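These notes concern the structure reproduced below.
The values are calculated or read from the model by the stated rules, or taken from the named source; none is laboratory data. Everything numeric in this text was worked out from a predicted model, so none of it was measured. Here the Cβ positions follow ideal geometry from the backbone for every residue, glycine too, while neighbour counts run over all protein chains shown.
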Amino acid sequence: MKKFYILSLLVLFVMSALVAKDLDDTLESLSGDAAKSYVKPIVSAFGTNLNGGWFHWSPAKKFLGLDVEFGLVAMGTVFPDDDKDFNATGTFQFTTEQADQILANSDIQSGDPGYDELVEAIISQEMEINIHGATIIGDSDDHVMIEYPQQDLIVDVNGTNMTFPISPYSLDSGIGGLLDGLTMLPMAAPQLSIGTFYGTKAAFRYVPTMKLTKDLGNLDYFGFGIQHNPKAWLMIPLPVDFCFSYFMQTMNLGDYITANASTFGLNVSKTFGMKFLSITPYAGYMLESSNMEFKYSYEVGEVNGVALDPVKVKFDIDGKNTNRLTLGTTFRLGVFNFNADYNIGKYNSFTAGFALGI
C-alpha cells in the first residue's frame with residue numbers, strides 16, 4: 001500500500017507543479033478580466049476533481065464496528081468544448097510594451113512630443129475593453145486578443161493640454177491555450193476511511209507539505225469527510241442502505257494558487273453477496289462548490305526609463321459545478337476493494353478507486 005500512496009503523491013505533485021508553474025508564467029502576461037476568463041475552465045475541472053471519489057458504499061448500520069480502508073482515488077474531469085474560448089467585456093491594464101504598439105498603430109513614435117505622457121495615461125489604470133480568444137484549454141494558436149478602443153487622450157505636454165486621437169487596435173497577447181490537446185484534467189490522492197460508530201465513518205485525504213520547486217514553493221493538501229447511515233437508529237426496514245455525506249478539502253499550490261471545495265448530499269447503495277465477495281451498485285446526488293484564488297505579480301514596465309513597481313494581482317473564481325449525479329459500482333474481493341463511477345454535472349467526471357479494507 002505504501003507504493004500506492006507514493007504513486008498518488010507523485011501524480012498529485014507533478015500535476016500541481018505543472019499547473020502552478022505554467023499558470024504563473026502565463027498570468028504574468030495577463031491582468032483583470034482577461035486573466036479570469038482565461039483560467040475559468042481549470043477552476044471548474046479542479047474543483048470537480050476535488051469533490052469526487054469520496055463515496056463508494058454506505059457505512060455499516062451498526063453501533064460500533066471496525067471498518068478501515070486505505071487506498072488511492074483517481075479522478076478525471078472532462079473539459080467541455082463550450083469553454084475552449086471566450087468573448088467578454090472587462091477590465092485590463094496595459095504594459096508599456098503594449099502601449100508602444102498602440103501608439104505606433106496611431107503613427108505616434110517614441111520621441112514625439114507627449115509620447116511619454118501618452119504611455120503613462122494608457123498604463124496608469126485598468127480600462128474597460130473587449131477581450132476574446134482561447135481559454136487555458138483552447139487552441140494554442142488562438143491567442144487572447146485585447147481590443148483597444150478608439151478614443152481621444154488628453155495629456156499635459158509642457159503645461160499645455162494636448163489631444164491625441166488614438167486609433168482602435170487589436171493587440172495580440174501571444175497567449176493561446178496552455179492545455180491544448182488535453183481532453184480531461186487528471187488527479188489522484190490517497191484516501192483513508194475509518195468507521196463505524198453508530199452508523200458513522202470518517203474519511204481523510206492528506207498530503208504532507210512537499211516542495212514543488214525553488215521558485216514555486218510548497219504543495220499541501222488536506223481533505224475531510226463524514227458519512228452517516230440513519231439505518232443505525234431507524235426502526236423502519238429499508239431495501240437499500242443510504243447515508244448523508246459531507247466532504248471538504250483545501251489545497252495550496254505554492255504561493256500562487258489556493259483551492260477549496262466542499263460537497264454534501266445523499267448517497268444510496270445496495271450490497272449483493274458475502275462480506276469478502278460482493279458487488280455494490282451505488283448512486284448519489286450531491287450539492288457542491290469550489291473556488292480557486294490566484295495571486296501573482298503583473299509586470300507593467302517602465303516610463304521615462306524608470307521601472308514601475310509590479311502590480312499585485314489577486315482574484316478568485318467559483319467553479320461551475322453546483323450539483324452532481326453519481327452512478328457507480330464497487331467490487332470486493334477479499335480485502336481488495338475496487339470502484340468506479342461517472343459523475344454528471346456541468347462538468348462531467350470519472351473517478352476510480354483501489355483500496356485495502358478490513
Practice task
Within the range 88-147, work out how many residues are assigned to a loop (DSSP other than H, G, I, E, B) and within 20 Å of SER37 (Cα to Cα).
Solution key: 15
Practice task
Please tell me if ASP139 is surrounded by fewer than 18 Cβ atoms within 10 Å (Cβ to Cβ) and modelled with pLDDT of 90 or more.
Solution key: yes
Practice task
Please list, ordered by first then second residue, the pairs with beta carbon atoms under 7 Å, 6 or more apart or interchain, first in the range 72-89 and among the hydroxyl-bearing types (Ser, Thr, Tyr), second assigned to a strand (DSSP E or B) and loosely packed, with under 12 Cβ neighbours inside 10 Å.
Solution key: THR89/GLU128
Problem - Subset of the range 61-85 [buried (at least 20 other Cβ atoms within 10 Å of the Cβ) and of a type in the set (A, V, I, L, M, F, W, C)] - result: LEU72, VAL73, ALA74, MET75, PHE79
Exercise for the section: Say whether the condition of being at pLDDT 90 or above, out of contact with any helix residue (DSSP H, G or I) (no Cβ under 7 Å at 6 or more places or on another chain) and part of a strand (DSSP E or B) is met by at least one residue in the range 53-61. Expected result: no
Practice task
Return the residue satisfying two criteria in turn: it lies in the range 296-308 and is part of a strand (DSSP E or B) and touching a Ser or Thr at 6+ places or on another chain (Cβ under 8 Å), and of such residues it is farthest from PRO80 (Cα to Cα).
Solution key: VAL303
Handout entry: Checklist (1) in a strand (DSSP E or B); (2) under 17 Å from the mean Cα position of the chain (by Cα); (3) of a type outside the set (A, V, I, L, M) applied to GLY71, failing item
Key = (2)
Practice task
Can you tell me which residue within the range 287-321, out of those that are touching a Leu at 6+ places or on another chain (Cβ under 8 Å) and within 29 Å of TYR246 (Cβ to Cβ), is surrounded by the fewest Cβ atoms within 10 Å (Cβ to Cβ)?
Solution key: PHE294
Exercise for the section: Hey, could you check the range 144-157 for residues that are over 15 Å from ASP100 (Cα atoms) and in contact (Cβ under 8 Å) with a residue 24 or more places away in the chain and say which is surrounded by the most Cβ atoms within 10 Å (Cβ to Cβ)? Expected result: VAL144
Problem - Selection status of GLY273, assigned by TED's automatic domain parsing to the domain that holds SER44, at positive phi and surrounded by 16 or more Cβ atoms within 10 Å (Cβ to Cβ) - result: no
Exercise for the section: Working only within the range 309-326, note down all residues that are more than 17 Å from ASP255 (Cα to Cα), assigned to a strand (DSSP E or B) and of a type in the set (Asp, Glu). Expected result: ASP318
Practice task
For LYS314, indicate whether it is in contact with a strand residue (DSSP E or B) (Cβ under 7 Å, 6 or more places away or on another chain), closer than 30 Å to THR96 by Cβ and touching a residue at least 24 places away in the same chain (Cβ under 8 Å).
Solution key: no
Handout entry: Test set (1) surrounded by fewer than 18 Cβ atoms within 10 Å (Cβ to Cβ); (2) touching a helix residue (DSSP H, G or I) at 6+ places or on another chain (Cβ under 6 Å) - PRO190 fails condition number
Key = (1)
Problem - Candidate set from the range 332-352 (those that are loosely packed, with under 15 Cβ neighbours inside 10 Å and part of a strand (DSSP E or B)); member that is farthest from the chain's Cα centre (by Cα) - result: LEU333
